[in-house]
Amino acid sequence: MAKATAADLERARRRIGPIERREMRLAFGMLSPTVAAVLLVVLIPVLANFWISVKPIELADLRAAKPLVRERVQGEVTKPGDAFEVRYRARSSAPSEAVREVVFTHELPSGVTLTGGDDRCAQTGAVLRCDVGVLEPRARVDFNVTLSVDQAYFDAGAPSLRDTDPEATGKSKNALTSFEFTFENFRKVFDASEFWDVLWVSIVYTIGGTGGALLLGLFAAQLMMVAFPGRGIMRGLFLFPYVSPVIAVAFTWIFLLDPFSGTMNAILTKTGVTDGNINFLGQRGIALWTVIAFEAWRYFPLAFLFILARMQSLSSDLNEAAEMDGATPFQKFWYISLPQLVGIISTLFLLRFIWTFNKFDDIFLLTGGASGTRTLTVNVYEQAFALSNLGAGAAVAVVIFFMLAIFLAFYFKFVPKEEGM
Amino acid sequence: MTRGLTLAVILGAIWGFVAAVVIGVSVTLVFGVDASMTAFSALIAGIPGALALLYARELTDNPTAQFAIGMGVFAVVLVLLTGLAPLGLPLGTVPITSVLVLATLAATTIGAVAIAFHKKDWKTLNRYRMEEVLVRALKGLGFVFFTAIILLPFYAMLMTSFKKQAELLQNPLDYSINITQGFAGLFSSYIELFVNFDFGRFILISTIVSVTTVFLTLAASIPGAYAISRLRFPGRVTFSRSILLIYMVPAIVLVIPLYAVFSQLGLRDSLLGLLIVYPATTIPVSLYMLQGYFRGLPSELEEAGMMDGCTRLGVIRRITLPLSLPAIASVALYVFMIAWNEFLFAFMFLDSPEIFTLSRGVVSLNSSEVPRQHLMAGAVIVTIPVLVIFLWFERFLVTGLTAGSVKG
């Protein structure tokens, strides 16, 4: 690919004229929205995972540490010269980060003057400004000031000090942009013995789901090859699992497979296939096969469509010749149809392999990653949001990224060009 | 001869079992009659039934008579095996239903075997003919299998939404609905969702988000696809290939960085955030599908337009776009369905029920306090628009699907 790019550039440079240049500019202009969107929402976030994965960052760190201030007014004023005793209390909302350069301001009514108290406070015009400095996490700092009133205050109708709220500002380290690094996340992710379980589950799920979907799709395509009344309706029906929203079908499966009141268990016990109820989604060892079955059920329509399209585009000459030579139906399928479908099937296998590997929604909704079904993608969620450790989640995402890079290298190397999708 | 007999025994047994399970389950699911399945008895009864069918061919040439003999033997054996209660019900209790179900069961089993052996002389089966019989039987089983695995979940989803939790806990097989309870009783879950759970607003929000996503996606991907398929510029090949790569980046990898940044920018719990993420994730798909279509349009038409004095943009507007309306429409429908079905980002980003999309709203029903039928009613509500769109434009969408290999 890199070679082609260099050649392209070279060619472009050699015969670039005003028309070509205009065309090039137009092309870049037309592509710019796509590039911008993909860059901002896909490529930069992918790279950002690398950054986040080496940072000690928790979910709570995302809330910017904000200083807060409250006032408490004591004393009555009845005549000019009286004074309020006011206590301002500054505190920080951040659980772990200190906030620096904290300042709060309070707009006072006219006729109110700062006459004493904390010397970190000063008045400019109507604004009282107090310098807090560094505010440690969960710390409280009190400021007691005396505010005297004069005639102007009473002329203005003696407004309450509470009519305006004091406002605090401060700077805190942004956990995302700080330069604090750690390899703790990767250590945690790889050290946990469950990591290898997760990897293994991912691979079994991916291969099982992909293989199951392809086998079902191949079978379904064989059924639909010969025209029969109602084929259109059947084909529409076969695509239902694929086009329906995942939340709808996943919850339906959960209810059908319920260990206590599920229809599936009722059918199995009533027909005498099983003795007791099976906990399809809750029992280690069974749950993984259930989610694989779900995956095969939901995605066989895609394989079905592609294989059917390919079968319908094949010429029937070979089949007819084999028929003349006395090949049996299974021989025709095995020695004639299947070899012609190998291309599309291997392409589908690689594509679906990658997409199944990437799947998150299905398992997350069915089991939440419990009972031995936690794949790498579910582990991203588990680490980042269930255990609130964004850094560890990003570290898992980085692992996914590298595995994906390997699969894609395979894809581009082995998918025949004419099947390229 | 042995080949034919073996095959008849196997097919009779398999079809007897399958027919008993499918018919028994269907009768229970649809009518609520507790027709418990006597699958293993039917498996055994299928064997003499199938053999009787084949031997009947020796006695008479009339196919109806052959069929009747097969059915009769099957039914008698089944009734005897089950102690005169072929469906778990004594013959006396629900006589007409019982007899009808028994007849259907016998007809299905014997019919399937008869079709498989159609016009085949079972005594002189060579390998070729035997495989033909097997293929027919397998196809029949295949249709039953696929229809069952697809219809059962959708049927259960729809019917659960009309029932009460207690009824389902009592008998998980009984999906019959009581029509006498009237509209309000039947649709009580739906009414509850619209009145107390704001599903009307969720639908509105989902529609707005999906339609806006469609427009934003098309606005970016139509010019992009045109540039890639028609204009010459350095890096064009690289670009069109990398679009495919983008297509393979899993959403879960994007979630953490986007969550972190959107949280700090205040975009997280907002529809604006979704409207940034959705188009960006659908643009590559859409661009890939459209550029394939644009490439297939004859460029002579555009060149003629240019000769007649149209500018490049004029050509796009007057020639390319009108010609590719079908492709654009199918891409639009796809993007709509993707945005409508989207779950992950809606789930991660949206916290406030005021701005829930429909799929986020349905997930919020997944709690122990909300009865099961409400969740299923929500599932039906989120599924119906997609299935309607899909069935309406099926031919159209299927072509686009295979052409652009839409991700899922």
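The values are calculated or read from the model by the stated rules, or taken from the named source; none is laboratory data. Remember, it's a predicted structure, so these values are computed and weren't measured experimentally. Reconstructed Cβ throughout: ideal geometry from the backbone, glycine too, with neighbour counts over all protein chains shown.
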Can B:Ile243 be described as closer than 30 Å to A:Phe402 by Cα, part of a helix (DSSP H, G or I) and more than 7 Å from every other protein chain (Cβ to nearest Cβ)?
yes
Index of the failed condition, B:Ala280 passing every other in (1) touching a helix residue (DSSP H, G or I) at 6+ places or on another chain (Cβ under 6 Å); (2) within 9 Å of chain A (Cβ to nearest Cβ); (3) surrounded by fewer than 22 Cβ atoms within 10 Å (Cβ to Cβ)
(3)
Could you go through segment A:110-118 and let me know if any residue there is in a strand (DSSP E or B), of a type in the set (Asp, Glu) and closer than 30 Å to A:Arg162 by Cβ.
no
In segment A:374-399, which residue that is touching a helix residue (DSSP H, G or I) at 6+ places or on another chain (Cβ under 6 Å) and surrounded by fewer than 24 Cβ atoms within 10 Å (Cβ to Cβ) is nearest to A:Phe280 (Cα to Cα)?
A:Arg374
Examine segment A:167-175 for a residue that is at the interface with chain B (Cβ under 10 Å from one of its Cβ atoms) and more than 30 Å from A:Leu128 (Cα to Cα), and state whether such a residue exists.
yes
For A:Gly343, indicate whether it is buried (at least 23 other Cβ atoms within 10 Å of the Cβ) and at negative phi.
no
Name every residue in segment B:157-196 that is over 27 Å from the mean Cα position of the chain (by Cα) and either within 11 Å of chain A (Cβ to nearest Cβ) or surrounded by 21 or more Cβ atoms within 10 Å (Cβ to Cβ) (or both), in order of residue number.
B:Ala166, B:Gln170
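Being out of contact with any Lys or Arg (no Cβ under 9 Å at 6 or more places or on another chain), among the basic types (Lys, Arg) and more than 7 Å from chain A (Cβ to nearest Cβ): is that true of B:Arg268 here?
Yes.
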Filter segment B:145-156 down to the residues that are under 21 Å from A:Ala248 (Cβ atoms) and either more than 8 Å from every other protein chain (Cβ to nearest Cβ) or among the hydroxyl-bearing types (Ser, Thr, Tyr) (or both) and list them by number.
B:Thr147, B:Ala148, B:Tyr155
Between a residue in segment A:150-175 that is among the basic types (Lys, Arg) and any residue that is exposed (fewer than 13 other Cβ atoms within 10 Å of the Cβ), which pairs come within a Cβ distance under 6 Å, given they are 6 or more apart or on different chains?
none
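Restricting attention to segment B:255-265, and to residues there that are touching a residue at least 12 places away in the same chain (Cβ under 8 Å) and at the interface with chain A (Cβ under 9 Å from one of its Cβ atoms), which single residue is farthest from B:Ile283 (Cα to Cα)?
Ranking the qualifying residues of segment B:255-265, first place goes to B:Tyr259.
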Matching residues in segment A:209-245 - criterion: being of a type in the set (Gly, Ala, Ser), closer than 26 Å to B:Met157 by Cα and in contact (Cβ under 8 Å) with a residue 12 or more places away in the chain:
A:Gly209, A:Gly212, A:Ala213, A:Gly217, A:Ala220
With the structure loaded, tell me whether A:Gly391 is assigned by TED's automatic domain parsing to the domain that holds A:Phe255 and outside any helix (DSSP H, G or I) or whether it fails that test.
no
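Being more than 23 Å from the chain's Cα centre (by Cα), of a type in the set (Lys, Arg), surrounded by 17 or more Cβ atoms within 10 Å (Cβ to Cβ) and modelled with pLDDT under 85 narrows it down to one of A:Arg11, A:Arg91, so name that one.
Being more than 23 Å from the chain's Cα centre (by Cα), of a type in the set (Lys, Arg), surrounded by 17 or more Cβ atoms within 10 Å (Cβ to Cβ) and modelled with pLDDT under 85 holds for just one of A:Arg11, A:Arg91, which is A:Arg91.
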Wholly enclosed helices (runs of 4 or more DSSP H) of segment A:165-264 bearing at least 1 residues within 22 Å of the chain's Cα centre (by Cα) and buried (at least 16 other Cβ atoms within 10 Å of the Cβ):
A:184-191, A:194-224, A:240-243, A:246-256
Can A:Leu43 be described as part of a helix (DSSP H, G or I), farther than 27 Å from A:Ala397 by Cα and within 11 Å of another protein chain (Cβ to nearest Cβ)?
no
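Residues are listed down the side, and each one gets a yes or a no for (1) in a helix (DSSP H, G or I); (2) in contact with a Gly (Cβ under 9 Å, 6 or more places away or on another chain):
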site: A:Leu288; (1), (2): yes, yes
site: A:Tyr299; (1), (2): yes, yes
site: A:Leu302; (1), (2): yes, yes
site: A:Gln312; (1), (2): yes, no
site: A:Glu320; (1), (2): yes, no
site: A:Gly326; (1), (2): no, no
site: A:Tyr335; (1), (2): yes, no
Looking for something in a helix (DSSP H, G or I), at pLDDT 90 or above and aliphatic (A, V, I, L, M) - is there at least one such residue anywhere in segment B:396-404?
no
Segment A:94-114: number of residues that are within 52 Å of the chain's Cα centre (by Cα) and either of a type in the set (Gly, Ala, Ser) or within 13 Å of A:Ser148 (Cβ to Cβ) (or both)
5
If we scan segment B:58-80, do we find a residue that is buried (at least 19 other Cβ atoms within 10 Å of the Cβ), polar (S, T, N, Q), more than 13 Å from chain A (Cβ to nearest Cβ) and part of a helix (DSSP H, G or I)?
yes
I need every pair where a residue in segment A:366-394 that is facing chain B (nearest Cβ under 9 Å) and within 14 Å of A:Phe195 (Cα to Cα) has its Cβ under 7 Å from the Cβ of a residue that is in a loop (DSSP other than H, G, I, E, B) and of a type in the set (D, E, K, R), sequence separation at least 6 or different chains.
A:Thr377/A:Lys359
Please count how many residues of segment A:118-149 are touching a strand residue (DSSP E or B) at 6+ places or on another chain (Cβ under 7 Å) and among the hydroxyl-bearing types (Ser, Thr, Tyr).
2
Quick check on this structure: which one of B:Leu325, B:Leu350, B:Leu313 is surrounded by fewer than 21 Cβ atoms within 10 Å (Cβ to Cβ), within 14 Å of chain A (Cβ to nearest Cβ) and not β-branched (Val, Ile, Thr)?
B:Leu313
Can you spot a residue in segment A:29-36 that is of a type in the set (S, T, N, Q), more than 8 Å from every other protein chain (Cβ to nearest Cβ) and not in a helix (DSSP H, G or I)?
no
Take the residues of segment A:60-77 that are buried (at least 18 other Cβ atoms within 10 Å of the Cβ) and assigned to a helix (DSSP H, G or I): which is nearest to the other protein chains (Cβ to nearest Cβ)?
A:Leu62
Scan segment A:153-176 and give yes if some residue there is assigned by TED's automatic domain parsing to the domain that holds A:Arg70, at positive phi and among the charged types (D, E, K, R), otherwise no.
no
